[in-house]
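The structure under discussion appears below in the form of structure tokens.
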Amino acid sequence: MRHKAPLIDALLGLIAGVGLVALYAPLLATAAISFFQVVRVRGALGFAPFSLDPYAALLANGEILAALATSLVVAAVASIAALGLALMFAFYFVSARRGLGLAMQTMVFLPFLLPPIITGLSLLIAFREIDLGRGLVTIIIAHIVFIVPVVYRTVLVRLQLLGSSLTEASLDLGASRVQTLRYVILPQMRPALISGVLLAFAISFDETLITLFVAGSQTTLPIRLWAMMRVGFVPEINALATLILLFTAVITFAIGMLQRAGERA
Amino acid sequence: MQPLLHLENISKRYGAVRVLEGIDITVAGNEFLTILGPSGSGKTTILRIIGGFESIDGGRLMFEGRDLAAVPINRRPFNTVFQDYALFHHMTVAENVGYGLKVRGRPRAEIATRVAEVMETVGLAAFGGRYPAQLSGGQRQRVALARAIICEPRLILLDEPLSALDVELRAQMQRFLKSLQRRLGIAFVFITHDQEEAIALSDRIIVVNGGRIEQEGAPEQLYRRPHTPFTAAFLGENNLIAGTLAAVDGPLCAVDTPAGRLAATVDGPAPPTGSAVLVAVRPEHVRLDAAPMPGEGLTADVADVRFLGANVMIELRHAALPGALLKVRRLADGSAAGLVAGQRVGLSWSAGDAALLRAGPAPAAL
Ligand SMILES: Nc1ncnc2c1ncn2[C@@H]1O[C@H](COP(=O)(O)OP(=O)(O)O)[C@@H](O)[C@H]1O
Ligand SMILES: [Mg+2]
């Protein structure tokens with residue numbers, strides 16, 4: 001619906017533009033600085049010419065690369081595991097009695113809704129109780145705990161939207177429950193499954209606070225960055241931030257596309 | 001002969017609400033049976049009980065003499081054409097149609113051959129590679145049918161399959177369904193709220209209302225000899241005049257009504273004299289005389305003359321029957337040309353065309 005009010009349109013456009021600039025300026029500045037380093041020339045600030053030096057330094061920094069590898073492994077394992085759990089919870093919710101389903105759902109959501117400090121601390125205490133040393137395993141378990149709710153939500157919405165009619169049609173045509181799941185339900189949910197995993201991956205990749213409690217000597221990228229920032233600023237950080245920015249943007253875009261595909265189906 | 005399917009005295013509740021009560025239906029092996037009733041009368045529930053999607057609270061469901069209670073949906077030799085088709089949108093038309101064979105583990109080559117055959121049968125031979133979203137409503141309907149018949153069921157259940165189609169397509173699909181059922185030689189249980197559709201398609205109709213069976217029979221039998229006010233009003237049009245049964249002579253009855261004594265014919269045993277009854281006369285069976293003859297039928301005043309294409313519907317008012325318009329249908333051949341509103345005319349009919357009904361609860365569809 002378009003009405004003729006060019007002045008108002010222009011004003012709204014301006015406000016949106018200013019808002020976006022304010023939001024993205026720091027990010028863009030980081031990206032720019034990763035290519036054009038800030039240098040001090042005879043007392044004044046200026047930009048050095050274009051260079052990929054920070055990226056080269058990044059590739060040579062073994063600690064950062066190790067942390068990056070850990071982060072990727074954690075995010076991948078945790079989001080796949082979370083998908084499996086989320087599917088089970090969602091199927092339980094749509095088939096169980098309402099009260100039981102809601103109780104289960106509250107338990108699934110709780111770790112995500114609690115302050116991260118509390119979740120992190122509880123996990124730490126729990127690991128200590130069962131004598132599980134801090135390391136890759138504890139990080140992965142912690143990440144599963146707080147990304148399951150995100151995947152669960154995405155999966156459940158799609159499952160409820162799907163309703164029972166396709167399941168009934170499949171059974172009516174002679175399929176077993178397992179065949180129905182494999183040939184009808186899961187394919188119908190594919191966009192939701194992929195976007196749920198991507199979202200979980202992105203959240204896991206970023207998570208800092210809870211990880212801080214449960215990580216041992218092997219740490220994830222955000223924690224490594226955090227540690228580096230405290231001792232001093234190195235140019236690699238800009239390069240790394242830019243790469244992460246790009247990576248996150250791609251994932252976000254993919255989720256958006258998948259969700260639109262899901263709506264159309 | 002043992003029926004293919006027998007619903008024995010089935011009842012169904014949702015919580016405290018009774019939606020089916022004393023439903024007793026037999027289905028013969030090759031008949032086109034229609035369950036006809038207004039929206040909310042329990043038709044879909046009956047179909048879902050046969051299909052195995054709903055449990056029952058009383059009665060039994062027998063298939064060739066075996067109780068189906070312990071037989072799950074995917075083991076029943078029936079297939080359903082759902083009201084919303086429920087096609088699998090991520091599969092092509094051919095994959096949709098072949099699904100029933102695939103899940104039964106049939107070899108690929110056999111599936112391909114059978115799919116081609118069935119697609120030919122429903123007139124979709126060229127559409128195998130498309131997705132359901134790329135088809136029209138009528139074509140989706142045919143896919144849903146093809147998907148069902150490829151499983152070679154003994155019975156196909158159809159829940160208002162034509163209600164989403166436009167008038168022309170609907171008539172075409174009606175002919176197609178009827179001929180398909182004849183060709184396959186299997187039973188169809190068809191649901192509709194459209195009485196014309198029911199009459200046009202069915203070998204037998206079961207009229208349901210408020211979760212109970214009102215009457216069942218061949219379409220012509222139901223149309224000619226309705227037993228309840230509901231059936232009389234729901235199948236086609238009827239003039240219903242309330243009165244008291246005054247005298248019975250074989251099938252012939254005399255009924256005292258506010259408009260005078262009227263003749264009617266009772267189907268089966270007559271109720272006792274003095275009971276509240278209705279006289280039902282089809283608009284097309286009423287004779288109309290511009291010059292009323294004293295002592296025969298009744299007189300009424302023309303209220304409106306409506307041109308309906310092939311027919312003219314004349315609506316009349318009778319002083320002693322307030323609130324109700326009497327209807328007379330005439331061919332639009334000019335015989336009703338001279339009638340004007342306000343004119344007093346005589347109405348009469350042969351006793352054989354007037355059905356005597358026991359007065360029940362007011363018919364919901366009026
Ligand atoms: N799942 C359900 N829960 C409660 N009531 C229902 C349910 N399904 C149907 N009903 C009720 O049962 C009655 C019959 O419904 P239905 O069989 O769908 O009728 P029809 O197909 O003739 O329109 C209706 O009054 C409807 O509201
Ligand atoms: Mg229905």
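No value in this document is a laboratory result; all are computed from the given coordinates. Every value quoted in this text rests on a predicted model; they were computed, and no experiment measured them. Because the Cβ atoms are built from the backbone with ideal geometry, glycine has one as well, and the counts that use them run over all protein chains shown.
What is the extension gain from A:Ala16 to A:Val41, computed as 0.36 nm multiplied by their sequence separation minus the C-alpha to C-alpha distance, in nm to one decimal?
Taking A:Ala16 through A:Val41 to full extension adds about 5.3 nm, to one decimal.
If I take R0 = 22 Å and measure r between the Cβ atoms of A:Met88 and A:Leu110 in this structure, what FRET efficiency does the formula 1/(1 + (r/R0)^6) give, to the nearest 0.05?
The pair A:Met88/A:Leu110 has a calculated efficiency of 0.80.
Count, for each residue of A:159-172, the Cβ atoms from other chains sitting within 10 Å of its Cβ, then give me the mean as a whole number.
5
I'd like the mean, over residues of B:84-96, of how many other protein chain beta carbons sit within 10 Å of each residue's own Cβ.
For this peptide, the per-residue mean of nearby foreign Cβ atoms is 4.
Provide the FRET efficiency to the nearest 0.05 for the A:Ala261-B:Glu64 pair, computing r from the beta carbons and using R0 = 56 Å.
The value I calculate is 0.75.
Between B:Val340 and B:Glu196, what is the label-point separation in nm under the 7 Å Cα-to-beta-carbon projection?
3.3 nm
Mean separation of Cα pairs under 8 Å and 6+ residues apart, divided by the residue count of chain A: what relative contact order is that in percent?
Details: 266 pairs, mean separation 76.9, N = 265.
Relative contact order, chain A: 29 percent.
Which whole number gives the average count of other chain Cβ atoms within 10 Å of the Cβ atoms across peptide B:77-83?
Mean number of neighbouring Cβ atoms from other chains: 3.
May I ask you to list the residues of region B:166-209 whose amide nitrogen lies under 16 Å from a point 7 Å from Cα along the Cα→beta-carbon direction of A:Ser164?
Counting only backbone N, you get no residues.
For an R0 of 56 angstrom, estimate the FRET efficiency from the Cβ-Cβ distance between A:Leu52 and B:Ser136 and round to the nearest 0.05. Mind dumping the intermediate values first?
Details: r = 57 Å, r/R0 = 1.02.
About 0.45, to the nearest 0.05.
Just to be sure I understand the model, the point goes 7 Å from the Cα along the line to the Cβ. What's the resulting B:Ala303 to B:Ala116 distance in nm?
Between B:Ala303 and B:Ala116, the simple spin-label model gives 6.4 nm.
Could you give the length gained by full extension between B:Leu184 and B:Ala218, i.e. 0.36 nm per residue of separation minus their alpha carbon distance, to one decimal place?
Gain in length upon complete extension: 10.1 nm.
Give me the distance between the Cα centres of region A:136-205 and region B:247-274, rounded to whole Å.
Using only Cα atoms to place each centre, the spacing works out to 68 Å.
Using 10 Å bins from zero, what percent of all Cα-Cα pairs in region A:6-47 falls into each bin?
Taking all Cα pairs of region A:6-47, the binned fractions are 26, 28, 24, 17, 5 percent.
Within region A:109-144, whose backbone N sits under 12 Å from a point 7 Å along Cα→Cβ of A:Ala69?
none
Give me the percent of DSSP beta bridges within region B:92-216 that run antiparallel, rounded to the nearest 5.
Roughly 45 percent of the beta bridges in region B:92-216 run antiparallel, per DSSP.
Taking H placed 1.01 Å from N in the peptide plane, check which residues at least 5 places from A:Ser176 or on another chain put their amide H under 5 Å from its amide H.
Those lying under 5 Å, H to H, from A:Ser176: there are none.
Enumerate the amide H contacts of B:Arg287 below 5 Å, restricted to partners 5 or more residues apart or on another chain; note that Pro and chain-start residues carry no placed amide H.
Those lying under 5 Å, H to H, from B:Arg287 are B:Ser348, B:Trp349.
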